[in-house]
Amino acid sequence: MCRAPHQAAPLIAAIEAEGGEAIRVPLIDVELPLDEGAALRRILSEADASTWVAVTSANGVDAIVHAFASQPTDGAESVASSGSTPGSDQRQLAPIWSIAVVGRATAARAAEWTLPVAFESPDPSAAGLGRTLPAGPGERVVAAVAELAGRDLPDALAERGVPVEVVTAYRTVTPNVSGRQVEALASADAVLIT
């Protein structure tokens, strides 16, 4: 199983339920950006009802949930503290800004966090989200994306004249793979890369 550890659990459970043995050798992992999420927290704290926060992946949803939940809220508890997972805290996240997502999987991740989605692109791609997002006059868009994300989303918005601010929400990194894990890969009956 080569998925990031936090994303592998459902597939590992399915493999094991069928009597298989899942060997975990993640080829990527997801981490905070180099600024530890400071830019995203700042942008979310400044966002208002005229702001769209556009995300193009489940990892982006996780990043905005953690950033939003770490904002001071008149003594309210943090909803998505470090180590929490979707469904572990069922309190509703209620930002004043609007969430736009790229497609069904990203919308489903937001639903797991009870994060209300205001718009789901009918074209499940970053460019499609940029083309279809119903941002109106006076509204701005924050594109909360991966460190290595392409320019499809901001370019599509810019072509429409929609002001967009791109912020790194997370980064993907290559974890260290041990010799034992390499041996496990070599002896596996199948390697799943999803």
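Return a yes/no flag: does the range 139-149 have any residue that is of a type outside the set (A, V, I, L, M, F, W, C) and out of contact with any strand residue (DSSP E or B) (no Cβ under 7 Å at 6 or more places or on another chain).
First, the residues of the range 139-149 that are of a type outside the set (A, V, I, L, M, F, W, C): 139-140, 147.
With the extra rule that they be out of contact with any strand residue (DSSP E or B) (no Cβ under 7 Å at 6 or more places or on another chain), the set shrinks to none.
For the range 139-149, residues of a type outside the set (A, V, I, L, M, F, W, C) and out of contact with any strand residue (DSSP E or B) (no Cβ under 7 Å at 6 or more places or on another chain): absent.
Can you give me the number of residues within the range 105-151 that are on the phi > 0 side of the Ramachandran plot and β-branched (Val, Ile, Thr)? Show your work before the answer.
First, pick out the residues of the range 105-151 that are on the phi > 0 side of the Ramachandran plot: 114, 138.
Still in the running and β-branched (Val, Ile, Thr): 114.
Residues flagged as on the phi > 0 side of the Ramachandran plot and β-branched (Val, Ile, Thr) within the range 105-151 amount to 1.
Checking the structure you have, find out if any residue of the range 180-194 is more than 26 Å from Glu36 (Cα to Cα) and within 17 Å of the chain's Cα centre (by Cα). Reasoning before the result, please.
Narrowing the range 180-194 to residues more than 26 Å from Glu36 (Cα to Cα): 180-194.
With within 17 Å of the chain's Cα centre (by Cα) added as a condition, the list becomes 194.
Scanning the range 180-194, I find at least one residue that is more than 26 Å from Glu36 (Cα to Cα) and within 17 Å of the chain's Cα centre (by Cα), so the answer is yes.
Report, by residue number, each residue of the range 159-194 that is small (Gly, Ala, Ser) and in contact (Cβ under 8 Å) with a residue 24 or more places away in the chain.
Going residue by residue through the range 159-194, those that are small (Gly, Ala, Ser) are 161, 169, 178-179, 184, 186-188, 190.
Answer for the range 159-194, where residues must be small (Gly, Ala, Ser) and in contact (Cβ under 8 Å) with a residue 24 or more places away in the chain: Ala169, Ala184, Ala188.
So, Ala184, is that one modelled with pLDDT under 85, part of a helix (DSSP H, G or I) and out of contact with any Gly (no Cβ under 7 Å at 6 or more places or on another chain) or not? Write out each step before concluding.
On the way: modelled with pLDDT under 85: yes; part of a helix (DSSP H, G or I): yes; out of contact with any Gly (no Cβ under 7 Å at 6 or more places or on another chain): yes.
Judged against the criteria, Ala184 is a match.
If you go through the range 108-115 one residue at a time, do you hit one that is over 21 Å from Thr172 (Cβ atoms), at pLDDT below 90 and assigned to a loop (DSSP other than H, G, I, E, B)? Steps first, answer last, please.
Initially, the range 108-115 is screened for residues over 21 Å from Thr172 (Cβ atoms), giving 111, 114-115.
Add one more test, that the residue is at pLDDT below 90, and what stays is 114-115.
When the remaining residues are screened for being assigned to a loop (DSSP other than H, G, I, E, B), the result is 114-115.
Looking for residues that are over 21 Å from Thr172 (Cβ atoms), at pLDDT below 90 and assigned to a loop (DSSP other than H, G, I, E, B), one finds at least one in the range 108-115, hence yes.
Are any residues in the range 29-47 open to solvent by less than 70 Å² (accessible area, probe 1.4 Å) and in a loop (DSSP other than H, G, I, E, B), and if so, which ones?
Matches in the range 29-47: Pro33, Asp35, Gly37, Ala47.
Among (1) open to solvent by 60 Å² or more (accessible area, probe 1.4 Å); (2) modelled with pLDDT under 90; (3) in contact with a helix residue (DSSP H, G or I) (Cβ under 7 Å, 6 or more places away or on another chain), where does Thr85 come up short?
Only one criterion is unmet by Thr85, namely (3).
With respect to Ala100, is the statement that it is under 17 Å from Ala58 (Cβ atoms), touching a strand residue (DSSP E or B) at 6+ places or on another chain (Cβ under 9 Å) and either assigned to a loop (DSSP other than H, G, I, E, B) or modelled with pLDDT of 95 or more (or both) true?
yes
For the range 45-58, which positions are aliphatic (A, V, I, L, M), modelled with pLDDT under 95 and within 20 Å of Gly130 (Cβ to Cβ)?
In the first step, residues of the range 45-58 are kept if they are aliphatic (A, V, I, L, M); the result is 47, 49, 53-55, 58.
Retained after the next criterion (residues that are modelled with pLDDT under 95): 47, 49, 58.
Ala47, Ala58 - these are the residues of the range 45-58 that are aliphatic (A, V, I, L, M), modelled with pLDDT under 95 and within 20 Å of Gly130 (Cβ to Cβ).
The values are calculated or read from the model by the stated rules, or taken from the named source; none is laboratory data. All values reported here derive from a predicted model rather than from experimental measurement. Note that we place each Cβ from the backbone using ideal geometry, even for glycine, and neighbour counts take in every protein chain shown. Side chains included, ligands, DNA and RNA excluded: accessible areas come from the protein's heavy atoms. Shrake-Rupley method; radii C 1.70, N 1.55, O 1.52, S 1.80 Å.
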